[in-house]
1. In whole angstrom, how far apart do the alpha carbon centroids of segment 333-362 and segment 1-31 sit?
2. If packing is taken as the mean number of other Cβ atoms within 10 Å per residue, what is the order of 266-279, 321-334, highest first?
3. Set the Förster distance to 25 Å, then compute FRET efficiency between ARG265 and ARG314 from the Cβ-Cβ distance, nearest 0.05.
4. Could you state the accessible area per residue of segment 1-149 in Å², with a 1.4 Å probe and every protein chain left in place?
5. Between ALA264 and residues 5 or more places away or on another chain, which pairs have amide H atoms under 5 Å apart, with H built 1.01 Å from N, and which residues are they?
6. For segment 270-283, what does the Karplus curve 6.51 cos²θ - 1.76 cosθ + 1.60, with θ = phi - 60°, yield as ³J(HN,Hα) per residue in whole Hz, taken in order and with x for Gly and Pro?
7. By how many nm would the segment from ARG336 to GLU69 grow when fully extended, if each residue of separation counts as 0.36 nm and the alpha-carbon distance is taken off?
8. Could you order ARG343, ARG96, ARG116 by accessible surface area, starting with the largest, using a probe radius of 1.4 Å?
Amino acid sequence: MIEIDAHVDLSHPPDRVWLALTDRELIGRWFAEADMVEGVPDRLLLHTAGLPGFDANVEVEVIERQVPELLELRCDEAGRLTELTCVVTPTTQGCRLGVREVPTHGSWSAEQHGPREQQLRQALTVRLPAILDWLAFQQVDLRRGEAGMTAELPLIGGVGAARARRRRRTVVTALVGVVLVAGLVAWMTLPGGSKQAAAPVSSSPTATSEPTAATATSTTPPKATSSARPSRTAASPTTSPSRTPTAKPSRTPTAAPPPPPLTARYDTDSSRLFGYTGKVVVNNPGRAPADQWSVVVTLAEGSSVDEVEGAEWRQDDRAITFSGPAVPAGGSRTIRFDVRDGRPKAREPVGCTVDGNPCAGL
């Protein structure tokens, strides 16, 4: 039995994603045009005939609904029956949408499965995020019983307030600049009287008499002669060697051996369409906690990290650097991270190091 299983991480709340999955007009914008089946509740007709991987239109019936987490559908495509499950899971950056379609009567051919899966992937990763961004911008409320869609923009006040704050910061910066320039100009244009006022002080009789006395004393030879001082300095070398201890070299402590380096191992926890979950376990074989450590994972081209558990992280192009609390002595620390890949078949990282040493498992 061939099935289609796809996951996509979205930077939108579950309620907005649920709206895009269940509203007929929005479904027509990101997947296929939809019509209500007259006289039958919870049933739609999707105009999929002609789309890649589809032979005919699909009649869809809702069999289970848990707002906004679970939507199960029974699909009938010209006698071929499938069950389609949509699961919405909240994340720290929005939510994750999982879509799984399993044939229950009949199946797709090998030539039909690939284009059908590609069509679903493009809809989930390109058109659906575009519709969700449009909903977020417009704050659309599709209300049953009212004609068309109404756009409400409650965030305009917040944006205006932010702009007003930016204007106030700009004005304050400009005023500070004006004050600094004015102070500099005033300082440069001050008269030179302050320098001239100091000159008479050095020309007073008191000021002139002090340098004269200093000059006179410096020219007279010193009263005390240095004939007695060589005898004192000559005597000191004879006594200092006898006071030097001879046991100092024996007191030098031996250097402690360096702690053993940290080790790490990479594993792929789970794989999915357009991504996977990676895991790195950092081990400390030493007898003291390892405070400073870093793990660098190099992703494949076109991959990016969405969520990380167990460490702090930063991404620089394809290099992801993980760091965090100390690894306990004789213990370990586990890092899990979700990776989004632009290809249907996710690719594992191309490199992993801990403190510059290669990780096992790759």
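The values are calculated or read from the model by the stated rules, or taken from the named source; none is laboratory data. In this text the structure is predicted, and so the values were computed from the model without any measurement. Ideal geometry is used to build each Cβ from the backbone, glycine not excepted, and the neighbour counts take in all protein chains shown. The area values use the complete protein model at the heavy-atom level, side chains included, leaving out ligands, DNA and RNA. Shrake-Rupley method; radii C 1.70, N 1.55, O 1.52, S 1.80 Å.
1. Each part's Cα centre sits 28 Å from the other's.
2. Going by the mean number of other Cβ atoms within 10 Å, highest first, we get 266-279, 321-334.
3. Values: r = 22 Å, r/R0 = 0.88.
That gives a FRET efficiency of 0.70.
4. Values: 7600 Å² over 149 residues.
For segment 1-149, the per-residue accessible area is 51 Å².
5. It is ASN283, ALA360, by chain and number.
6. Whole-Hz 3J(HN,Hα) from phi for segment 270-283: 8, 10, 8, 5, 6, x, 6, 10, x, 9, 10, 9, 9, 10.
7. Numbers: separation 267, 0.36 × 267 = 96.12 nm, distance 2.39 nm.
Roughly 93.7 nm would be gained on extension.
8. Working: ARG343 135, ARG96 50, ARG116 10 Å².
Descending order: ARG343, ARG96, ARG116.
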